[in-house]
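Notes follow once the structure below has been shown.
The values are calculated or read from the model by the stated rules, or taken from the named source; none is laboratory data. Predicted model only: the values in this text are computed from it and were never measured. Neighbour counts run over all protein chains shown; Cβ positions are idealised from the backbone, glycine included. Areas reflect the complete protein model, heavy atoms only, side chains present, ligands, DNA and RNA absent. Shrake-Rupley method; radii C 1.70, N 1.55, O 1.52, S 1.80 Å.
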Amino acid sequence: MKQDQSPESPTRPGSPAAPAATPVGGQSVSRLLRAWRERVDRRRIPELRIWGHRAGSRMSQADVARLTGVSEGWYRALETGAPREFSDAFLLRVAEALRLSETETLTLFLGVSGRRPPVSGAHRDGAAVDPATVTLLEHQAPYPAYVSDAAWNIVAANAPMAEWFPFTLGPQPNLMRWALTSAEAREQILGWEDTCARIYLPMLRVASHRAPRNAQIQALIADILAANGTCRRIWAEQHAVVEHPGGHRLRLRLPCHGGTDVQVTSHVLVPAEQPDLRFVVVTTLGGAAAEPQA
């Protein structure tokens, strides 16, 4: 039997080690864990059948410990709310052992450590955007608006977005690839190196560390660095990291505006029902949308 400690070190040093107070009118995570464990029929878990027969169908703390690779005492500490620093990897194994849903896993993480589960890095090809989100997207007109996934693939865009940025009508449009590798973007985004490349590359760096197994993100970074020498230089010399540049301002000179300069702000929102997507609205400074010219 292993020592009474997690085999993993905590993924975020200094994060809370134990649940705070029980929510008013709610249930403690300890109580939820017991309920989740007791609803699992151990007879349906092949690993437990291999390890030997035990009377009864209810999963025990020892069963969960065996499935997660820790001592029974370490798992008991989690279930009883004892102060420990539980790693993300351990909590994910608990979620798998207890057959938790996505929302239950979120509740487990928030209740135990105060943080959200890590991003898996798996990309869902062709993931559908919620119809209500598409409707909201269309209602942003006359402002351009789009929805992108974790790898900046544009999965939905309204008509003004397509008019301002025709690349979104092409096959598999990707915001980062267009902005950082196309000659068109370098002409249309004024002050491209400072206002675009030095903002977007730090965003890619964060995404690379957040989802190291996301093949699309890793390939996107490799393609950008291979295609653009300026991006390679910035990537090598700059170590800044940016998650979302809230209120990011750009000066654009687009064909649809007849070459007139337009100052815009991008607003990045995250749909609660699809947190792996970004909902972005591009507004003009001053509040009046620029009118495309014929």
Quick one: would you say residue 284 is modelled with pLDDT of 95 or more and hydroxyl-bearing (Ser, Thr, Tyr)?
-> no
If you check 28, 57, which single one turns out to be touching a strand residue (DSSP E or B) at 6+ places or on another chain (Cβ under 7 Å), modelled with pLDDT of 50 or more and surrounded by fewer than 17 Cβ atoms within 10 Å (Cβ to Cβ)?
-> 57
Select from the range 229-263 the residues that are among the small types (Gly, Ala, Ser), closer than 15 Å to residue 198 by Cβ and not in a helix (DSSP H, G or I) and list them in ascending order.
-> 240
Report yes if some residue within the range 181-191 is under 22 Å from the mean Cα position of the chain (by Cα) and in a helix (DSSP H, G or I); otherwise report no.
-> no
Can you run down the residue pairs with Cβ atoms below 8 Å, 6 or more apart or on separate chains, where the first is in the range 257-280 and loosely packed, with under 14 Cβ neighbours inside 10 Å and the partner is part of a loop (DSSP other than H, G, I, E, B) and among the acidic types (Asp, Glu)?
-> 273/130
Touching a Phe, Trp or Tyr at 6+ places or on another chain (Cβ under 9 Å), open to solvent by less than 60 Å² (accessible area, probe 1.4 Å) and in contact (Cβ under 8 Å) with a residue 40 or more places away in the chain: does that describe residue 207?
-> yes
Counting only residues in the range 212-223 that are among the aliphatic types (A, V, I, L, M) and open to solvent by less than 20 Å² (accessible area, probe 1.4 Å), the one nearest to the chain's Cα centre (by Cα) is identified as 217
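Given the structure, is residue 203 part of a helix (DSSP H, G or I), closer than 24 Å to residue 136 by Cα and under 21 Å from the mean Cα position of the chain (by Cα)?
For residue 203, the condition - part of a helix (DSSP H, G or I), closer than 24 Å to residue 136 by Cα and under 21 Å from the mean Cα position of the chain (by Cα) - is not met.
For the range 167-180, name all the residues that are assigned to a loop (DSSP other than H, G, I, E, B) and out of contact with any strand residue (DSSP E or B) (no Cβ under 9 Å at 6 or more places or on another chain).
Selection gives 170, 171.
Table: residues versus (1) in contact (Cβ under 8 Å) with a residue 60 or more places away in the chain; (2) closer than 15 Å to residue 32 by Cβ; (3) assigned to a helix (DSSP H, G or I).
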site: 65; (1), (2), (3): no, no, yes
site: 83; (1), (2), (3): yes, no, no
site: 90; (1), (2), (3): yes, no, yes
site: 96; (1), (2), (3): no, no, yes
site: 110; (1), (2), (3): no, yes, yes
If you check residue 226 against the conditions, is it of a type in the set (Gly, Ala, Ser), at pLDDT 95 or above, open to solvent by less than 60 Å² (accessible area, probe 1.4 Å) and assigned to a helix (DSSP H, G or I)?
-> no
Taking the range 67-81, which residues are among the hydroxyl-bearing types (Ser, Thr, Tyr) and part of a helix (DSSP H, G or I)?
-> 68, 75, 80
Here the residues within the range 124-153 that are open to solvent by less than 20 Å² (accessible area, probe 1.4 Å) and of a type in the set (S, T, N, Q) are 133, 148
May I ask you to list the residues in the range 154-189 that are open to solvent by less than 60 Å² (accessible area, probe 1.4 Å), within 21 Å of residue 131 (Cβ to Cβ), of a type outside the set (S, T, N, Q) and free of Cβ contacts under 8 Å to residues at least 24 places away in the same chain?
-> 154, 157, 162, 173
